[in-house]
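A.B. asks: Structure in structure tokens, see below.
The values are calculated or read from the model by the stated rules, or taken from the named source; none is laboratory data. What you see is a predicted model; the values in this text were computed from it and never measured. Here Cβ is always computed from backbone atoms with ideal geometry, including for glycine, and neighbour counts include all displayed protein chains. The protein model used for the area step is the full one, side chains on, heavy atoms only, and it has no ligands, DNA or RNA in it. Shrake-Rupley method; radii C 1.70, N 1.55, O 1.52, S 1.80 Å.
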Amino acid sequence: MLKFKSIKSKLILYLSITLIPILIILLYSGKSYIKKILYKSTLFNAKISVTKAARDIENLTSEISEKPREIADIVGNNISDIEKTENLMKKYVKENKFIYGMALAFYPEFSPNKSYYSSYYYLKNGKLIYKQLVPPSYDYLNSNWFFLPVKLKKNIWSEPYFDKGGGELWMSTYSAIIKNNEGKPIGIATADVSIRFLTEIVERIKILKTGRAFLFSKEGNLIAPTMKIDKKNNEIYVVLKGFNKENLKKIAKECLWKDGLSKELFFNKTKYFVYYMPLRKTDWIIGIIFPEKELFAPLKRIELYSVLLILGVLFLVIGVITIISRNVTKDINRIKSVSLEIAKGNFDVEIPQNFMYEAKSIAEALNTMQISLKKYIEEVKEKSKLENELLLAHKIQSSFVPNKTDVEINGFSFKAVSLWAKQVGGDFYGINKIDDNKILFYLGDVSGKGIPAVLYVAMVKGMIEVLINQTHSIKEIASLLNKFFANITKHNTFATMFIGLIDKKEGKLHYANLGHIPPIFIDINKLFSPILSGNIPVGVFPDFNFKTSTIDLKSFNQIIIFSDGVLDAKNSKGQTFENEKLIEVLKKVHNRANLINYLIDEITNFVDDTDLYDDTTILNIIRNLI
């Protein structure tokens, strides 16, 4: 299992945990956005291409359809002049490159010769060819181009068909009904357009690499490209060959009355996008189809570049962190090394002085602590020849934390009592007069027991004494103290603390509760705990931003600050003193000065002959009313 102990590894871990999800979210959000842009852009280009092609085909069909209607009008008004009419047809076939052929056909009873009549002119290899398409070789009366317009009572474009016996190719025919003066249908005038010609127009429309256009009728018949043309090498034409006539007929019915229609299509497990547009004046629909994989092909390159960018950013972050952490941790590691030597009992270790400004005050505190420890140890050794290490540690701790304190400073009375659960405990407190207006006090508890605990207590008190000479801000004191201990101790060693600054001139108490049990404030008629910010114990996270609070001095008469040994005091039945019992005792006491002695008696009576479960320290602060 990986362990991240160093500042560098932690920074890399935290930034990686933060940056990687953000970059991944940005990557996939960007991918989704780009997909939408690519789709919209390609669909827009498809619409433009299809619209242009649709207009071209509409213009072409409109131009072609004018000729049969003109012939139908001429013949309907004067059927006798057939020769002149057929000359006009030949002219149109020769001169109009869009028209493959034209026909003039009558019902036998209305024809000039009162028999079958179906004249057909078409160009083949630049030569005008004439045919009479009459039974039995060509049954024009039953051909769709002849009987269907009369049946539907309107001029129409036919479905695509192969004109066997006539033009001998795939074509679509526009049929115009010829009516006599009585309005009765007497024949049909037609103009043919080659499917190959339409295919050439449609095949000019391309999108992406393989995207192609196609043309089909409302009956679901594919007009262009003709399936007779071999397109095996293009997957789009393979897809078009697989189009079901009924499906195309359904699509035609859906989009004939719309300006355009977008759809998705799956063929052989491949997704395609299709856009359809109806052609005005015909019952045809033009469509364009392109595969999804081509549309989103650029995304693969974008994903690759994005991954490379993420890796580049991570490597850059790691590089920057490595450079910064070397500079930041250089002095801390030196101080840590010296502190560990002192913690081991090597009080003569040399403390370097060439630190940067940030670490200089910590080094000064360490130096003060080292001198104090040496002094106290020497004094204790001289006075008594202690026989065991624990008793020595107890003497050291007692030098820092006296069992009792009873002092008056600037109108405030401070009384404190400490009871040790073992010979060496982790409770500590302090009272410092800064000037005639300011008093700083604190009470705390270092985690753990024995010699390590008393050494940490010594370091905490020594550090505080140094910091008080540098700043009167409890926020700065807490932050510097925390940064120092977080970098020289393991994570399972920390200290809770309540620290306060009385400012008589301001009439305020500034305080910070660093993960400690909330104190109890006593007014004339009430007990209360102040509002506390969410601070953590000292020594957990080096860069924690501690918060402070302020309360008016007139809002209370007395403060009781205590360690967790008060609430954890346990009797022989396993019952603990707890907060309710403490409040009950405090409400009974009317002599403020004697409160701390009364409370100690209550705890002692409660535990009876049972040893104290934990160190017990109480600090009673009384505001003397004038």
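A.B. asks: When the accessible area of region 454-549 is computed with all protein chains present and a 1.4 Å probe, what percentage of it is carbon and sulfur?
C.D. replies: Carbon and sulfur together cover 55 percent of it.
A.B. asks: Tell me the per residue accessible area of region 402-527 using a 1.4 Å probe; a whole number in Å² is fine.
C.D. replies: Dividing the accessible area of region 402-527 by its residue count gives 37 Å².
A.B. asks: As an exercise, take the mean of 1/r over every pair of distinct alpha carbons in region 426-472, invert it, and state the Kirkwood radius in angstroms.
C.D. replies: This gives a value of 11.5 Å.
A.B. asks: Enumerate the residues in region 584-626 having an amide nitrogen under 15 Å from the point lying 7 Å beyond the Cα of Lys404 toward its Cβ.
C.D. replies: Under cut-off, by backbone N: 593-601, 618-620.
A.B. asks: Give me the compactness ratio for region 406-527, meaning the Cα radius of gyration over 2.2 N^0.38 Å.
C.D. replies: 1.10
A.B. asks: Another question about this same structure. For region 70-213, report the convex hull volume of the alpha-carbon atoms normalised per residue, in Å³, without decimals.
C.D. replies: Output value, Cα hull per residue: 121 Å³.
A.B. asks: A further question on this structure: Among 121-131, 100-110, 460-470, 529-539, how do they line up from the highest to the lowest mean number of other beta-carbon atoms within 10 Å?
C.D. replies: Answer by packing, highest mean first, reads 100-110, 460-470, 529-539, 121-131.
A.B. asks: Then there's this: First measure r as the distance between the Cβ atoms of Leu88 and Leu256, then evaluate 1/(1 + (r/R0)^6) with R0 = 30 Å and state the FRET efficiency to the nearest 0.05.
C.D. replies: Given R0 = 30 Å and the Cβ-Cβ separation, E is 0.35.
A.B. asks: In addition: So which of Lys114/Lys281; Lys245/Lys281; Lys154/Lys206; Lys151/Lys206 end up more than 28 Å apart, counting from Cα to Cα?
C.D. replies: Pairs exceeding the cut-off: Lys114/Lys281; Lys154/Lys206; Lys151/Lys206.
A.B. asks: Quick check: pseudo-label points 7 Å beyond the Cα along Cα→Cβ at Tyr130 and Asn545, how many nm apart are they?
C.D. replies: 10.0 nm
A.B. asks: Okay, moving on. How big is D, in µm² s⁻¹, for region 107-157 by Stokes-Einstein at 37 °C and 0.692 mPa s if Rh is the Kirkwood radius over C-alpha pairs?
C.D. replies: D = 264 µm²/s.
A.B. asks: Turning to a different aspect of this structure: Using a Förster distance of 60 angstrom, determine the FRET efficiency expected from the C-beta separation of Asn59 and Ile24, and round it to 0.05.
C.D. replies: About 0.70, to the nearest 0.05.
A.B. asks: Using the beta-carbon distance between Lys164 and Lys52 and R0 = 45 Å, what value does 1/(1 + (r/R0)^6) give for FRET efficiency, to the nearest 0.05?
C.D. replies: Approximately 0.85, to the nearest 0.05.
A.B. asks: Something else about it: For region 71-220, what is the accessible area per residue in Å² when the probe is 1.4 Å?
C.D. replies: It amounts to 49 Å² per residue over region 71-220.
A.B. asks: What is the ratio of the Cα radius of gyration of region 83-167 to 2.2 N^0.38 Å, with N the residue count, to two decimals?
C.D. replies: Compared with the compact-globule rule of thumb, region 83-167 sits at 1.10.
A.B. asks: Taking the mean number of other Cβ atoms within 10 Å as a proxy for protection, how do you rank 505-514, 544-553 from highest to lowest?
C.D. replies: Averaged packing, sorted descending, gives the order 505-514, 544-553.
A.B. asks: Using label points projected 7 Å from each Cα along Cα→Cβ, tell me how many nm separate Phe315 and Glu70, to one decimal.
C.D. replies: Label at Phe315, label at Glu70, 7.4 nm between them.
A.B. asks: Say the cut-off is 25 Å between C-alpha atoms; which of Lys36/Lys271; Lys179/Lys249; Lys449/Lys588; Lys127/Lys184; Lys35/Lys209; Lys90/Lys124 go over it?
C.D. replies: Lys179/Lys249; Lys449/Lys588; Lys127/Lys184
A.B. asks: Quick one: if you stick a label point 7 Å off each Cα along the C-beta vector at Asp611 and Leu625, how many nm between them?
C.D. replies: Those two pseudo-labels are separated by 4.5 nm.
A.B. asks: Provide the gained length on full extension for the span Lys154 to Lys245, in nm with one decimal, where the gain is 0.36 nm per separating residue minus the Cα-Cα distance.
C.D. replies: Net length gain for the segment: 30.3 nm.
A.B. asks: Then there's this: Rank-order 448-458, 271-281 by packing density, defined as the average count of other C-beta atoms within 10 Å over each peptide's residues, highest first.
C.D. replies: 448-458, 271-281
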